[in-house]
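Engineer: If you scroll down you'll find the structure; I have some questions about it.
The values are calculated or read from the model by the stated rules, or taken from the named source; none is laboratory data. On a predicted model such as this, the values are computed, not experimentally measured, just so you know. All Cβ positions, even for glycine, are placed from backbone atoms using ideal geometry, and neighbour counts span all protein chains on display. Heads up: the accessible areas ignore ligands, DNA and RNA and are worked out on the full protein's heavy atoms, side chains in. Shrake-Rupley method; radii C 1.70, N 1.55, O 1.52, S 1.80 Å.
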Amino acid sequence: MANTLTLNKIRYGNSAPRNIFLMKFLDNLRYFDGLGRGIPMMLKLMQERVTFDEIGELFRVTLRFA
């Protein structure tokens, strides 16, 4: 269930799709190749330039480019 995710779980690749129709549509367009890979990939590539904030049951990702 989507609201069981925490930032710590998301950092390690856990995912819970909220909109299965949108997920299938984006998959058909080849916009992603697997669930739960995006955040770990961002952490690996961006390192200290990525930050996360929890806002209730939502979270915000900030990417700093310089």
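Engineer: Against the definition (among the acidic types (Asp, Glu) and out of contact with any helix residue (DSSP H, G or I) (no Cβ under 6 Å at 6 or more places or on another chain)), how does GLU57 come out, yes or no?
Structural biologist: The answer is no for GLU57.
Engineer: Here is a follow-up. I'm checking my understanding of the structure. Among residues of segment 18-58 that are open to solvent by less than 80 Å² (accessible area, probe 1.4 Å) and either in contact with a Ser or Thr (Cβ under 7 Å, 6 or more places away or on another chain) or assigned to a strand (DSSP E or B) (or both), which one is modelled with the lowest pLDDT?
Structural biologist: Among residues in segment 18-58 that are open to solvent by less than 80 Å² (accessible area, probe 1.4 Å) and either in contact with a Ser or Thr (Cβ under 7 Å, 6 or more places away or on another chain) or assigned to a strand (DSSP E or B) (or both), the one modelled with the lowest pLDDT is GLY36.
Engineer: Do any residues in segment 18-29 that are basic (Lys, Arg) have Cβ atoms under 9 Å from those of residues that are open to solvent by less than 80 Å² (accessible area, probe 1.4 Å) and not in a helix (DSSP H, G or I), where the two are at least six apart or on different chains, and which pairs are they?
Structural biologist: Listed by first residue and then by second, the contacts come to nothing, as the list is empty.
Engineer: Name the pairs: first residue in segment 52-66 and closer than 15 Å to LEU5 by Cβ, second residue of a type in the set (Phe, Trp, Tyr) and open to solvent by less than 70 Å² (accessible area, probe 1.4 Å), Cβ to Cβ under 6 Å, at least 6 apart or on different chains?
Structural biologist: Taking only residues 6 or more apart or on different chains, the pairs are PHE59/PHE52; VAL61/PHE52.
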